[in-house]
Amino acid sequence: RDAPVAIVTQSPNVMDLVKCNGAALFYRKKFWMLGVTPTEAQIKDITEWLLQYHGEST
């Protein structure tokens with residue numbers, strides 16, 4: 001299984017581990033959303049912005 005995807009598909013998931021109302025994962029051009037999240041289009045815009053301005057960050 002893909003380790004990044006497991007955080008949203010397995011138990012415990014990210015929402016069990018972090019206090020939040022929602023979480024989203026964009027990985028290998030696919031979306032996984034739990035709880036209250038932005039739309040897929042909004043997540044894509046955020047992802048593009050992060051890559052443009054922080055693509056070299058770790």
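Within segment 14-36, at least one residue is among the aromatic types (Phe, Trp, Tyr), modelled with pLDDT of 95 or more and surrounded by 13 or more Cβ atoms within 10 Å (Cβ to Cβ). Considering only residues that are free of Cβ contacts under 8 Å to residues at least 24 places away in the same chain, in a loop (DSSP other than H, G, I, E, B) and of a type outside the set (Gly, Ala, Ser), which ones fall in segment 1-27? Of everything in segment 1-27, those that are free of Cβ contacts under 8 Å to residues at least 24 places away in the same chain, in a loop (DSSP other than H, G, I, E, B) and of a type outside the set (Gly, Ala, Ser) turn out to be Arg1, Gln10, Pro12, Asn13, Val18, Lys19, Cys20, Asn21.
The values are calculated or read from the model by the stated rules, or taken from the named source; none is laboratory data. Predicted model only: the values in this text are computed from it and were never measured. All Cβ positions, even for glycine, are placed from backbone atoms using ideal geometry, and neighbour counts span all protein chains on display.
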